[in-house]
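The values are calculated or read from the model by the stated rules, or taken from the named source; none is laboratory data. Because the structure is predicted, anything quoted here is derived from the model rather than measured. Quick reminder, even Gly has a Cβ in these numbers, built from the backbone with ideal geometry, and neighbours come from all protein chains shown. These area figures cover heavy atoms from the full protein model, side chains too; ligands, DNA and RNA do not enter into them. Shrake-Rupley method; radii C 1.70, N 1.55, O 1.52, S 1.80 Å.
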Amino acid sequence: MESITQAQYHGDEKETSQDVTGNDFDTEYGKVAIVEEISYAPGLHETVGLKRQLNARHTAMITIASGIGTGLFLGSGSALYNAGPLGILLGYFIMGLVAAGVSFVSAETIGYLPVTGGFVRFVPLFSDKALGMTIGYTFWYLLSITSAAEVVAASSLIAFWRPDLNFAIFISVFLVIILGMNLLPVRVYGETEFFFGMIKTLLIFALIFAGLLVDWGVSPSGEYIGGRNWSTPVNEYLVSGSTGRFLAIWNVLINAAFAMGNIQIATSAAGEVKNPRVNVPKAMRRVFWRLWIFYICSLFVIGLILPSKSPSLLTSHGTASSPFVLAFTSVGIKVFPSVINTIVITSAFSSANGVLFLASRTLVGLAQDGFGPKFLLRTNRFGSPWIAVLVSFILAPLAYLNCGGETPGVVFGWFINLIATAGLIIWCVICFTYVRFYYGLKHQGISRDDLPYKSWGQPYSAIAAGSMCFLITFFSGFSTFFPGNFSASGFLSNYIACFVVPALYIVLKVTTKSPWIKYDMMDFSEIPAILAERAYKAAQPQKNRSLWRKLIEKTVDE
């Protein structure tokens, strides 16, 4: 390799240092090694034992596959019923802006610290170890519960064909397959999620195209629908008038938070990604736009075809479990609903598989930082942290609640509320910690231009997103306080996380006696590795890209 020049870091200025040759790069902080096979300079926080086998293709599709799940295909039915066709779009649009703030923050922070666990290991470095432990185990709980919720959804959808069979049969089959896949090499997981991500993407495009044709009268019934189902664009919820319409839109936010809650899944897998300081932030930046377009366009089409006050939207299982299936069934299309149902089941299975993977990596990240037992770091011969996988699988059998006296729709509704509120609390902490990270860099004279990715509008976009997450969480269970609407299960599913998370933090704060990290004590030890990696890549032959591709990447990425 030819010798290259390394730009050293000195506050807000850069100057040229001596020439260095080979894979070791000198910085003012010392010599940093480059792993050429994965285009990566490991920092001081690198996770041991795991193998970096996921490439950019895997990372992008893993994020899409995990981000499109039952929140869209199944949970959107009740949201459409309560809010109407325009109401559900506005709710998802607003939640999309919040998710944008979180995803761009996550892209910047994971570029700085691309290790297994993602933000779970970022929080204690820039806020408080007790808060890091609290949010880490809360995130693990959220993911483990999500795995059960996705299995509940997949099993209930099978009632479309065989409502006479016991749900326990399908739940058992799904759980065994999911557990087995998470014990295999991570590349198997990556290829599987890539396949499911492609199916989901193609399905969304097919649904949008077919839905528009149906709306224009191209269906067995031959009926032209047009904008008939938009005669009442926003329904009234709980009370009449403009207040009821506002509450209807606000009620959608929790459903949308559940649907978009897995957008940061790629960050926790960063410890197993090649060239992570490029591939993971890129996936985080791009996946938001893809998911937002998918959600808005598909929900718009469903709102055109299906009346928002159709009673079938609130039934517990079978065809009406998915408004997408119900929409095409209502116009006399007999084959397409079965195809949709099959793919939606694989979608739920894919999401369940992904969140169990992410839960195990969250435990690995906690153990790596000393917040969990070291035996969680043990891997099998495939490089999978098998003990962490088994521990994360403990809550998955909660899916068998679907076989109890409560209907599947009620059980799934509980899971949505439990997951959404816990996820919003985590998003609050991510935004809060990022603001401290931002001012820590500023306090120590480190330019954000040295980071692999610098998100726009900071710190104001992080503050706005975090504040919105707090408001949505605080008012998530507002409907339970209306006369005649209160139920213990509804109140607890909305607010139990609001009591448990602060209580856990207080207990850990008292027992660990961990101090808040001051700005001048913050750990920015990854900077040398970032600078060395940047110098290494600058010395490599650059690929020629067309002008249109450069423009698209510039627009989408920034």
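Considering only helices (runs of 4 or more DSSP H) fully contained in the range 245-351, which possess at least 1 residues that are at pLDDT 75 or above, small (Gly, Ala, Ser) and under 22 Å from Tyr224 (Cα atoms)? Give the derivation first.
Values: elements: 265-268, 276-305, 323-329.
Correct list: 276-305, 323-329.
Return the residue satisfying two criteria in turn: it lies in the range 321-343 and is closer than 12 Å to Ile305 by Cα and hydroxyl-bearing (Ser, Thr, Tyr), and of such residues it is surrounded by the fewest Cβ atoms within 10 Å (Cβ to Cβ).
Across the range 321-343, the extreme among qualifying residues is Ser330.
I need every pair where a residue in the range 499-521 that is within 27 Å of Lys442 (Cα to Cα) has its Cβ under 9 Å from the Cβ of a residue that is open to solvent by less than 80 Å² (accessible area, probe 1.4 Å) and among the aromatic types (Phe, Trp, Tyr), sequence separation at least 6 or different chains.
Sorted first by the residue in the range 499-521, then by its partner, the pairs are Ile517/Phe126.
Among Leu401, Leu424, which is the only one that is within 30 Å of Ser155 (Cβ to Cβ), open to solvent by 60 Å² or more (accessible area, probe 1.4 Å) and either at pLDDT below 95 or not charged (D, E, K, R) (or both)?
Numbers: Leu424 fails: open to solvent by 60 Å² or more (accessible area, probe 1.4 Å).
That would be Leu401, the only listed residue that is within 30 Å of Ser155 (Cβ to Cβ), open to solvent by 60 Å² or more (accessible area, probe 1.4 Å) and either at pLDDT below 95 or not charged (D, E, K, R) (or both).
Against the condition surrounded by 10 or more Cβ atoms within 10 Å (Cβ to Cβ), touching a Lys or Arg at 6+ places or on another chain (Cβ under 7 Å), modelled with pLDDT under 90 and acidic (Asp, Glu), how does Asp557 come out, does it pass?
Here the answer is yes, as Asp557 does meet what is asked.
Could you tell me how many of the residues in the range 203-216 are among the hydrophobic types (A, V, I, L, M, F, W, C) and surrounded by 16 or more Cβ atoms within 10 Å (Cβ to Cβ)?
So the count comes out to 6.
Looking only at the range 217-248, filter to residues that are open to solvent by less than 30 Å² (accessible area, probe 1.4 Å) and touching a helix residue (DSSP H, G or I) at 6+ places or on another chain (Cβ under 9 Å); which one of those is nearest to Ser330 (Cα to Cα)?
Ser219
What do you reckon, is Thr473 surrounded by fewer than 17 Cβ atoms within 10 Å (Cβ to Cβ), at negative phi and among the hydroxyl-bearing types (Ser, Thr, Tyr)?
no
Pairs under 9 Å by beta carbon, first residue open to solvent by less than 10 Å² (accessible area, probe 1.4 Å) in the range 299-310, partner among the charged types (D, E, K, R), six or more apart or different chains?
What qualifies is Val301/Asp215; Ile305/Asp215.
Filter the range 161-182 for residues that are out of contact with any Cys (no Cβ under 8 Å at 6 or more places or on another chain) and among the aromatic types (Phe, Trp, Tyr) and give the result.
Keep residues of the range 161-182 that are out of contact with any Cys (no Cβ under 8 Å at 6 or more places or on another chain), which gives 161-165, 169-170, 172-182.
Answer for the range 161-182, where residues must be out of contact with any Cys (no Cβ under 8 Å at 6 or more places or on another chain) and among the aromatic types (Phe, Trp, Tyr): Trp161, Phe170, Phe174.
Hey, among the residues in the range 476-489 that are surrounded by fewer than 17 Cβ atoms within 10 Å (Cβ to Cβ) and part of a helix (DSSP H, G or I), which one's modelled with the lowest pLDDT?
Looking at the filtered set, the residue picked out is Ser489.
Go through the range 154-202 and give me each residue that's within 18 Å of the chain's Cα centre (by Cα), open to solvent by less than 50 Å² (accessible area, probe 1.4 Å) and over 26 Å from Asn380 (Cβ atoms).
Scanning the range 154-202 gives Lys200, Thr201.
From the list Gly136, Gly117, Gly96, exactly one residue is crowded, with 24+ Cβ neighbours inside 10 Å and closer than 22 Å to Ser467 by Cα. Which is it?
None of the others qualify; the one that does is Gly136.
Can you give me the number of residues within the range 73-82 that are surrounded by 24 or more Cβ atoms within 10 Å (Cβ to Cβ) and either without any contact (Cβ under 8 Å) to a residue 24 or more places away in the chain or in a helix (DSSP H, G or I) (or both)?
So the first thing to find is which residues in the range 73-82 are surrounded by 24 or more Cβ atoms within 10 Å (Cβ to Cβ), and the list is 73-77, 79-80, 82.
Those left that are additionally either without any contact (Cβ under 8 Å) to a residue 24 or more places away in the chain or in a helix (DSSP H, G or I) (or both): 73, 76-77, 79-80, 82.
Total meeting the criteria: 6.
List the number of the failed condition for Pro452; all other conditions in (1) open to solvent by 40 Å² or more (accessible area, probe 1.4 Å); (2) in contact with a helix residue (DSSP H, G or I) (Cβ under 8 Å, 6 or more places away or on another chain); (3) within 30 Å of Ser525 (Cα to Cα); (4) not in a loop (DSSP other than H, G, I, E, B) hold.
Answer for Pro452: the failing condition is (4).
If you check Leu175, Leu165, Leu203, Leu179, which single one turns out to be among the hydrophobic types (A, V, I, L, M, F, W, C) and closer than 19 Å to Ile333 by Cα?
Among Leu175, Leu165, Leu203, Leu179, only Leu203 is among the hydrophobic types (A, V, I, L, M, F, W, C) and closer than 19 Å to Ile333 by Cα.
If I go through the range 30-69 residue by residue, how many of them are at pLDDT below 70 and within 23 Å of Ile419 (Cα to Cα)?
The total comes to 4.
Restricting the search to the range 83-116, which residues are modelled with pLDDT under 90 and either over 20 Å from the mean Cα position of the chain (by Cα) or not in a helix (DSSP H, G or I) (or both)?
Leu113, Pro114, Val115, Thr116 - these are the residues of the range 83-116 that are modelled with pLDDT under 90 and either over 20 Å from the mean Cα position of the chain (by Cα) or not in a helix (DSSP H, G or I) (or both).
Answer yes or no as to whether Ile94 is of a type outside the set (Phe, Trp, Tyr) and under 21 Å from Pro233 (Cα atoms).
yes
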